[in-house]
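The values are calculated or read from the model by the stated rules, or taken from the named source; none is laboratory data. Since this is a predicted model, take the numbers as computed values, not measurements. Positions of Cβ are backbone-derived with ideal geometry, glycine not excepted, and every protein chain shown enters the neighbour counts.
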Amino acid sequence: MTDEAQVNEALTAARAAHAAATEALARAEAAARAAGVEPDGTAAPELRVQRLRVVEPDGTTRMIIGNSAMSNFAPIRGRDVEHPDRGNLGGIIFCNDEGTEAGGLAYAGGKVDGEPRQLGFWSVDDFEQNEGFRLGAAQEGDRRSKWIEFADQPFFSVADFLEEAEGKTGAERDGVAAKYWPDDAGGNGILRLRLSRRRDRQVPDPQQLAGTWIGRGDLGIRSVGPTPTFVFDIPVAGSRHIDRLGHVQR
């Protein structure tokens, strides 16, 4: 038996034991309540953990709260599959009924070479795909941006890719990725609508601009097919509309 097979066998046995223990605990608590005894629900003053996993009675993962180490894997179809391609973020991963990642809330930040950096976002995934909805904010030094995005994702399964690429590195992993994301297939999805405040250094003076909005923002809408994109741009003073032909209108 290979090392991988042994690990998978051990994981399967551990999951079965966990599910049995969870079911036994649930039955014991139900029996206690039926006898008129309420199980002790005393709250601990503090839990200090690196990862907290919320599961269904059968052991299916529904939510993971964790540190940045959880960026190295993704819950896929009831098990954790390595996912080394995303950033060093801590937060919450939400899962669907099948134990597959369905969205998340993530944060990261600190100083890099003395410059403040901050990132936070919330996302909702399409089924076994990347984010269909994103809301976030980021800062790099004195540049700040906020955004809301709606995207169309392709219909193939990212879960299939992660399972097929598991254990592979370098060119071998890239070869698997090329099957799912060929250059001409739009596999990365299409951003359909974005409302954002772009990264710039415009900061309003509340004494001079009380009640006045200032900054730079845009609303971009991408149509289906070859129709050009519409972009509505909000500059520092006034506003303008860039139509689909690129003409600027005041």
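Scanning segment 132-157 for residues that are closer than 21 Å to Gly91 by Cα, of a type outside the set (Gly, Ala, Ser), touching a Phe, Trp or Tyr at 6+ places or on another chain (Cβ under 9 Å) and buried (at least 17 other Cβ atoms within 10 Å of the Cβ) returns Arg134, Trp147, Glu149. A single entry from Val54, Val37 fulfils the requirement of being over 14 Å from the mean Cα position of the chain (by Cα), more than 22 Å from Asp160 (Cβ to Cβ), of a type in the set (Val, Ile, Thr) and not in a loop (DSSP other than H, G, I, E, B): Val54. Close contacts from segment 166-183, counting a first residue that is surrounded by 13 or more Cβ atoms within 10 Å (Cβ to Cβ) and a second that is aliphatic (A, V, I, L, M), with Cβ to Cβ under 8 Å and a gap of 6+ residues or different chains, come to Glu166/Val81; Lys168/Val176; Arg173/Ala165; Val176/Ala165; Ala177/Ala165; Tyr180/Val158.
Yes/no matrix, rows are residues, columns are (1) basic (Lys, Arg); (2) free of Cβ contacts under 8 Å to residues at least 40 places away in the same chain; (3) over 30 Å from Gln129 (Cβ atoms); (4) outside the structural domain of Phe94 (by TED's automatic domain parsing):
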{"residue": "Glu4", "(1), (2), (3), (4)": "no, no, no, yes"}
{"residue": "Val7", "(1), (2), (3), (4)": "no, yes, no, yes"}
{"residue": "Ala17", "(1), (2), (3), (4)": "no, yes, yes, yes"}
{"residue": "Ala24", "(1), (2), (3), (4)": "no, yes, yes, yes"}
{"residue": "Ala28", "(1), (2), (3), (4)": "no, yes, yes, yes"}
{"residue": "Ala44", "(1), (2), (3), (4)": "no, yes, yes, yes"}
{"residue": "Gly66", "(1), (2), (3), (4)": "no, yes, no, no"}
{"residue": "Asn72", "(1), (2), (3), (4)": "no, yes, no, no"}
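Right, Gly99: part of a loop (DSSP other than H, G, I, E, B), within 24 Å of Val176 (Cβ to Cβ) and touching a Lys or Arg at 6+ places or on another chain (Cβ under 8 Å) or not? Against the criterion (part of a loop (DSSP other than H, G, I, E, B), within 24 Å of Val176 (Cβ to Cβ) and touching a Lys or Arg at 6+ places or on another chain (Cβ under 8 Å)), Gly99 qualifies. In the set (1) touching a residue at least 40 places away in the same chain (Cβ under 8 Å); (2) over 27 Å from Thr169 (Cβ atoms); (3) small (Gly, Ala, Ser), Ala108 fails one condition alone, (2).
No other residue among Ala108, Ala43, Ala69 is surrounded by 11 or more Cβ atoms within 10 Å (Cβ to Cβ) and outside any helix (DSSP H, G or I) apart from Ala108.
Checked against (1) within 30 Å of Gly167 (Cα to Cα); (2) in a helix (DSSP H, G or I), Ala26 meets all criteria but (1). Any residue at all in segment 122-136 that is at pLDDT below 90, of a type in the set (D, E, K, R) and under 23 Å from Gly110 (Cα atoms)? Checked segment 122-136: no residue is at pLDDT below 90, of a type in the set (D, E, K, R) and under 23 Å from Gly110 (Cα atoms).
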